[in-house]
1. Within region 232-275, restricting attention to residues that are polar (S, T, N, Q) and free of Cβ contacts under 8 Å to residues at least 40 places away in the same chain, which residue is nearest to Q177 (Cα to Cα)?
2. Being of a type in the set (G, A, S), open to solvent by less than 80 Å² (accessible area, probe 1.4 Å) and touching a strand residue (DSSP E or B) at 6+ places or on another chain (Cβ under 8 Å) is true for just one of G260, G266. Which residue is that?
3. Please give the number of the condition T124 fails out of (1) crowded, with 17+ Cβ neighbours inside 10 Å; (2) modelled with pLDDT of 95 or more.
4. Kindly indicate which of Q291, Q313, Q297 is open to solvent by less than 80 Å² (accessible area, probe 1.4 Å), closer than 22 Å to T231 by Cα and either modelled with pLDDT of 95 or more or under 19 Å from the mean Cα position of the chain (by Cα) (or both).
5. Suppose we filter region 210-222 for residues that are open to solvent by less than 10 Å² (accessible area, probe 1.4 Å) and not in a loop (DSSP other than H, G, I, E, B); how many remain?
6. When region 298-318 is examined, which residues are found to be assigned to a helix (DSSP H, G or I) and in contact (Cβ under 8 Å) with a residue 12 or more places away in the chain?
Amino acid sequence: MRIKILIASLVLTGCSTTSMSNSPLDKRELARKHDITTAPSLSGVPWVRGAQDCSRDTQPIMDVFHYDVSTAIIRQNKCVTFEAPFSYVLVGSEKVMVVDTGALADEKGFSYAEALLTVMGKSTFEQKETLVVHSHSHSDHHQGDAGFERLNNTRVIAPQMEQVQAFLETSDWPNGQFSLDLGGRLVTILPTPGHQEEAITIYDHKNKWLITGDTLYPGLVYVKDWQAYKTSIAKLTKFAQQNEVTAILGGHIEMTKSSGKYYPIGTTYQPNEAPLPLSVADLYELNTALQKSEKEQAMIFKSFVIQPMSMLQKSISNIFRWVTN
């Protein structure tokens with residue numbers, strides 16, 4: 001079954017929870033912590049980028065970047081999971097929002113929930129409700145959920161249509177946008193299907209970020225539903241025209257610094273990778289190209305590549321969606 005899941009995930013999106021290193025997770029250092037003093041901007045953050053020989057890699061499991069005292073961006077080590085997904089932690093005075101829980105399941109000798117409490121400080125979560133949401137339902141973005149489900153005062157919204165709609169209190173998916181106050185920190189949630197049916201984008205009003213998961217990121221973006229994707233990108237464009245956006249932050253980095261070039265699926269060492277943030281100009285350029293397109297087609301941009309799924313990929317996606325929902 002594990003082999004079948006891995007093959008299917010490679011066909012679909014490159015999603016995998018397979019550890020790439022011979023070093024047991026419980027023998028590794030938990031996290032490398034750094035903050036804005038180490039980089040002039042988000043574009044200059046020196047993320048851990050894997051290793052040429054992952055069997056010898058000893059870098060920490062998590063790369064934790066503290067943007068400010070109430071915001072963290074966390075990347076999992078590419079030698080532990082080649083997807084190296086990003087997770088976002090937004091702290092308000094009443095609630096903490098965790099966006100995505102990564103590709104590592106608790107049974108692998110690591111608990112993302114326990115690790116997060118350690119690196120953020122348990123006091124961050126005391127007397128606050130923790131909300132765990134997901135940019136979409138692919139497995140490399142929710143494997144850490146189990147640890148959160150065991151915590152008190154924590155609500156995990158599974159990336160399933162019924163639960164997402166119940167959380168947003170809507171049956172009119174994917175229309176509208178939904179505001180949530182974390183306590184002095186407002187976030188807006190926008191349904192943005194296309195890459196995947198339950199995909200959402202989160203706008204952090206504090207830092208003016210659009211957190212887009214795999215809807216838009218510096219990498220190879222697979223699109224399952226082309227028309228839905230066009231509509232979602234148009235929605236994000238309109239939102240960005242009406243709200244200041246300082247950065248578009250996705251779920252991975254797969255692009256190189258060379259225009260239009262990305263690392264192959266399964267790459268565990270990216271020494272020349274592109275920065276994480278995309279710009280509003282990138283979003284506008286994508287929207288213009290999509291609205292002009294009359295059919296599904298690959299689109300190569302400087303900072304990302306858009307690729308329609310094949311019929312085989314869509315079929316496999318539907319099978320796994322049926323099994324897991």
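The values are calculated or read from the model by the stated rules, or taken from the named source; none is laboratory data. This structure is a prediction, so every number in the text was calculated from the model and none was measured. Counting neighbours? That spans all protein chains shown, and the Cβs are built from the backbone with ideal geometry, glycine included. Please note that ligands, DNA and RNA were not included when accessible areas were found on the heavy atoms of the full protein model with its side chains. Shrake-Rupley method; radii C 1.70, N 1.55, O 1.52, S 1.80 Å.
1. Applying the filter and picking the extreme gives Q242.
2. Step by step, each of G260, G266 is checked, and only G260 is of a type in the set (G, A, S), open to solvent by less than 80 Å² (accessible area, probe 1.4 Å) and touching a strand residue (DSSP E or B) at 6+ places or on another chain (Cβ under 8 Å).
3. (2)
4. The match here is Q297.
5. Residues flagged as open to solvent by less than 10 Å² (accessible area, probe 1.4 Å) and not in a loop (DSSP other than H, G, I, E, B) within region 210-222 amount to 5.
6. L312, Q313, K314, I316, S317 - these are the residues of region 298-318 that are assigned to a helix (DSSP H, G or I) and in contact (Cβ under 8 Å) with a residue 12 or more places away in the chain.
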